[in-house]
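Peer 1: Supplied in C-alpha cells, the structure appears directly below.
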Amino acid sequence: MTDTSKPENKEWPLWEVFLQPKSGAHHAHVGSVHAPDAEIALQNARDVYTRRQEGTCIWVVPAEAITSSQPDDENSFFDPADDKIYRHPNFYTLPSEVKGL
Amino acid sequence: MEMKEAIFNYCLRYADSSLIIGHRLSEWCGHGPILEEDIAMTNVALDLVGQSRSFYQYAAKVEGKDRTEDDLAYLRDEREYRNTLLTEQPNGDFGQTMMRQFLFDSFQVLFFEKLKESKDEDMSAIAFKSIKESKYHLRHSSQWVIRLGDGTEESHQRIQNSLEDLWRFSDELFEMNEIDEVLIKDGIAVDLSTIKDHWMQNVVDVLAEATLNVPEDTFMATGSREGKHSEHLGYLLAEMQVLPRTYPGAKW
C-alpha cells in the first residue's frame, strides 16, 4: 500500500522572474512561475510577464536558490541603521552648477 | 485558373489552418495543466488567429466582393474550409495537443521562411510578421515533445501514441494542386516539395531527442485541399460560428 498520509509533492519548483525593461537597465523582480526546469521556466516567464512588451531580457532563478532574511531578523538587521543619519549624503553643500541630483 | 482566384484560395488555405488550430488551442483556455501553460497556449492561439486574420483580410481584398474577414471565417461551411486535417484534430491530452502543434509549427516556420521571398508583397509581409511568432511556437511545442517523450514511462507511451495517431496527417501539409501550380510560376507561392525534406529532418531530430519512434509506412490521410474533412471539423465550426450566424452583424 502506498502511504497516503504524506502525498508526494507533485508541484513543479518555483522560479523567481527578473525582467530587464530595456537594454542597459537593471533586472527587477516581477513575480514567479512554476516550471519543471530552467528552459520551461524561461518560456513561462516570457508568456506570463512579457505579453505587453514589458521586457528585453529575462532571468529566472530557482526560488530555493534565494536566501532571504527572516521577519525575526528585522530588529537586528535593520534597526541599527535608524540613528546613523551620517550614512546619508545629506551634509554636503552642492555647488549651484550641479544639476540633476 | 485565374491569378486572382488562385491567390484568394491560397490565402484561405493558410488562413483556415491557422484559425482552426488556433481555435483548437483556445479550447484549452481555463483547462491548461497549470496556469502558466494555460496562458502560453492561449498566447499561441491568439498569435495564430492573428495570422489567419492577415490572410483573410488579404483574401477579402483580392476577391473584391465586399466580403470581410469575418464573413470568410464565420460564414463558410465545412466543405468550403481548406485547413489541413492535422489542424482540426481534437486536443486529446496535453501531450497530444503539443504533438499536433509541433508537427504544425515545424511546417509553419519553414513555410514562412520561404513565403518571405514571395513576389506578392502582401504575402511576404504576412510571412515576415508571422515567422517570429511561429519560431517561438515551435520552441515551445518542441520542448514539450522532448520532455514528455523523454519523461516518465507513462508520458513517453502517451505521446508516442499521439505521434502515431497524428503522423498520418503529416503528408497532407505538403500537398499541392493547381493553385500552387499557377502561383509558383510567378514566384508567389512556396513550392512545398522544397521544404518537405527539411521538415522531415527537423522533426526526426526532435523526435530522436524525445526518444520517440517515427512511425513507418503509415497510411496517409488526404482530402482537405478539396474540402473533405474528418468528422471533427463540423462540430468545431458549429461552436465557432454559432454566434455570428445566430446574430448576424453582432458586435461585442
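Quick note: the coordinates plus some simple rules give every number you see, no bench work behind them. Just so you know, these numbers come straight off a predicted model, no measurement behind them. Using ideal geometry, Cβ is built from the backbone for each residue, glycine included, and neighbour counts are taken over all protein chains shown.
Peer 1: Among B:36-48, A:48-60, B:209-221, what's the highest-first ranking by average C-beta atoms within 10 angstrom per residue?
Peer 2: Highest to lowest by the protection proxy: B:36-48, A:48-60, B:209-221.
Peer 1: Between the helical axis of B:35-63 and the dominant principal axis of chain B, each derived from Cα atoms, what acute angle in degrees is found, rounded to the nearest 10?
Peer 2: Compared with the principal axis, the helix lies near 30 degrees.
Peer 1: Projected onto the charge dipole of chain B (+1 at Lys/Arg Cβ, -1 at Asp/Glu Cβ, origin at the Cα centre), which of B:Met99, B:Ala208, B:Ala238 gives the Cα projection farthest towards the positive end?
Peer 2: Farthest along the dipole direction, towards plus: B:Ala238.
Peer 1: Report the FRET efficiency, 1/(1 + (r/R0)^6), for B:Asn91 and B:Gln201, where r is their Cβ-Cβ distance and R0 is 30 Å, rounded to 0.05.
Peer 2: The formula returns an efficiency of 0.65 here.
Peer 1: Can you tell me the FRET efficiency between B:Ala208 and B:Ala250 if r is taken as the Cβ-Cβ distance and R0 is 41 Å, rounded to the nearest 0.05?
Peer 2: For R0 = 41 Å, the calculated efficiency reads 0.25.
Peer 1: For the Cα atoms of chain B, what angle does the longest principal axis make with the long axis of helix B:94-115, in degrees from 0 to 90, nearest 10?
Peer 2: 50
Peer 1: Right, next: At 222 nm, what helix-only mean residue ellipticity would chain B give, in deg cm²/dmol to the nearest 500, using -39500 (n - 2.57) for each DSSP H run of four or more?
Peer 2: Computed ellipticity for chain B at 222 nm equals -22000 deg cm²/dmol.
Peer 1: Separate question: Extending each Cα 7 Å along its Cβ direction at A:Phe91 and A:Phe78, get the distance between those two points in nm, one decimal.
Peer 2: Label-label distance for A:Phe91 and A:Phe78, simple model: 2.5 nm.
Peer 1: With a/c under 1.5 counting as rounded, go ahead and sort segment B:3-246 into rounded, prolate or oblate using the C-alpha gyration tensor (a ≥ b ≥ c being the square roots of the eigenvalues; past the cut-off, prolate if a/b is larger than b/c, else oblate).
Peer 2: Since a/c reaches 1.5 and a/b is larger than b/c, the shape of segment B:3-246 is classed as prolate.
Peer 1: On a 0 to 90° scale, report how tilted helix B:3-26 is relative to the longest principal axis of chain B, with both axes built from alpha carbons and the result rounded to the nearest 10.
Peer 2: Result, in degrees: 40.
Peer 1: Gap in Å between the Cα centre of segment B:156-170 and the Cα centre of segment A:18-61?
Peer 2: First find each Cα centre; the distance between them is then 33 Å.
Peer 1: How large is the charge dipole for chain B, taken about the Cα centre, if only the Cβ atoms of Lys, Arg (+1) and Asp, Glu (-1) carry charge, to the nearest 20 debye?
Peer 2: About 680 debye.
Peer 1: Give the average, rounded to an integer, of partner chain Cβ atoms located within 10 angstrom of each Cβ in B:27-37.
Peer 2: 3
Peer 1: Once the Cβ-Cβ distance between A:Gln70 and B:Glu27 is put in as r, and R0 is 41 Å, what FRET efficiency do you end up with, to the nearest 0.05?
Peer 2: For A:Gln70 and B:Glu27, the calculated efficiency is 0.35.
Peer 1: Okay, moving on. Cα centroid distance between segment B:42-58 and segment B:86-134, in Å?
Peer 2: With segment B:42-58 and segment B:86-134 each reduced to a Cα centre, they are spaced 11 Å.
Peer 1: Name the residues of segment B:235-252 whose amide N is less than 12 Å from a point 7 angstrom out from the Cα of B:Asp70 along the C-beta direction?
Peer 2: From segment B:235-252, the list is B:243-252.
Peer 1: Based on the alpha-carbon gyration tensor of segment A:14-68 and its eigenvalue square roots a ≥ b ≥ c, which shape applies: rounded if a/c is under 1.5, prolate if not and a/b is larger than b/c, or oblate?
Peer 2: Verdict is oblate for segment A:14-68.
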